[in-house]
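Written below as structure tokens is the structure these notes are about.
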Amino acid sequence: MTSIRHNLESILLRSIAAFMRFLSRNASIRLGELLGDVVYRIGIRTDVTRDNLRRAFPEKSPEEIEDIVRNCYRHFGAVLSEFARLPLLRKQNVPNLVETDDRHVLDEALKAGKGGIVVSGHLGNWELMGASSSVLGLPVNYVVTDQQNPNVTVFMDQLRQSSGVKIIKRRDAIKGVLKAMKNNELVAILSDQDAHEAGAFVPFFGRLASTPRGAAMFSLRTGAPLIFVESYRQGMGRLKVIHEFISDKDLPLDRDDAIGELTHRFTARLEEAVRCHPEQWFWMHRRWKSSPAK
């Protein structure tokens, strides 16, 4: 039964993606937003989303929270649309989809010859953000986790690879990331989901959150610069992307403490970005599920 369900899920997802590519970009995004509205009304993980938002923004009224919740679901419907359309991405249409004034940060990082660790979160559209850099000629790798449905995993990886992005499985991260750094490439790691007891507990919206240590660890181990990247949607217009180096100055001498401090620095920067665009971050996840050992 599991394999039948997996096949049906994959067929449905591929069919929706194909239809979104058939539509115009604006119509596809509207369809994605409509799907987001449907999921919102069904109530899938809306309780988690509301609870996270109430705790993060205690000053907001229930009406303001609910408005963010709904817009969050609509936003991620639009993200699904743009993800489905990655095979249509070409160098000449990137300027119509993505706006950035500081892509030179990535070029500067690669000039040192040690590669670059790009750290970001589930904000804006991280898939389009990385894919646009790839089609413009930058060597981009993603560290990804397999989905529960292996057929969906294959499909998602195919969409990413359509823009030239190379895939590093999380289970092979050490070998894959070190190889990419040796080849002077960029490795993108999303570091804003609960990392259980293995994570670094750093403040995020006033609460300690278990945060993946990998981005900081690889940066310190290889000497590759750590680059924070944020993206946010500007209405129906382009995605705005901002790149900046995370300072490695004045880090503690102890390695674990240094990893924790570097993780704290990029997490603080992510919180700043999320506060500006709360409807574009993935509040559906139990970000604060783990608690530090006492």
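The values are calculated or read from the model by the stated rules, or taken from the named source; none is laboratory data. If you're wondering where the values come from, they're calculated on a predicted model, not measured in any experiment. Here the Cβ positions follow ideal geometry from the backbone for every residue, glycine too, while neighbour counts run over all protein chains shown.
Every residue, every condition in (1) under 22 Å from F57 (Cβ atoms); (2) hydroxyl-bearing (S, T, Y); (3) crowded, with 17+ Cβ neighbours inside 10 Å; (4) in contact with a Lys or Arg (Cβ under 7 Å, 6 or more places away or on another chain), yes or no:
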{"position": "Y232", "(1), (2), (3), (4)": "yes, yes, yes, yes"}
{"position": "V241", "(1), (2), (3), (4)": "no, no, yes, no"}
{"position": "F245", "(1), (2), (3), (4)": "no, no, no, no"}
{"position": "D248", "(1), (2), (3), (4)": "no, no, no, no"}
{"position": "D257", "(1), (2), (3), (4)": "no, no, no, no"}
{"position": "G260", "(1), (2), (3), (4)": "no, no, yes, no"}
{"position": "C276", "(1), (2), (3), (4)": "yes, no, no, no"}
{"position": "W281", "(1), (2), (3), (4)": "yes, no, yes, no"}
{"position": "R286", "(1), (2), (3), (4)": "yes, no, no, no"}
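Could you say which residue among P139, P203 is in contact with an Asp or Glu (Cβ under 6 Å, 6 or more places away or on another chain) and surrounded by fewer than 21 Cβ atoms within 10 Å (Cβ to Cβ)? Spell out how you get there, then give the answer.
Values: P203 fails: in contact with an Asp or Glu (Cβ under 6 Å, 6 or more places away or on another chain).
After ruling out the rest, the residue left standing is P139.
Check S219 against each of (1) more than 23 Å from V69 (Cα to Cα); (2) surrounded by fewer than 19 Cβ atoms within 10 Å (Cβ to Cβ); (3) in contact with a Leu (Cβ under 7 Å, 6 or more places away or on another chain) and name the one condition it does not meet.
(2)
Go through (1) of a type in the set (A, V, I, L, M, F, W, C); (2) farther than 23 Å from G36 by Cα; (3) surrounded by fewer than 20 Cβ atoms within 10 Å (Cβ to Cβ); (4) modelled with pLDDT of 95 or more for V152 and report which single condition fails.
(2)
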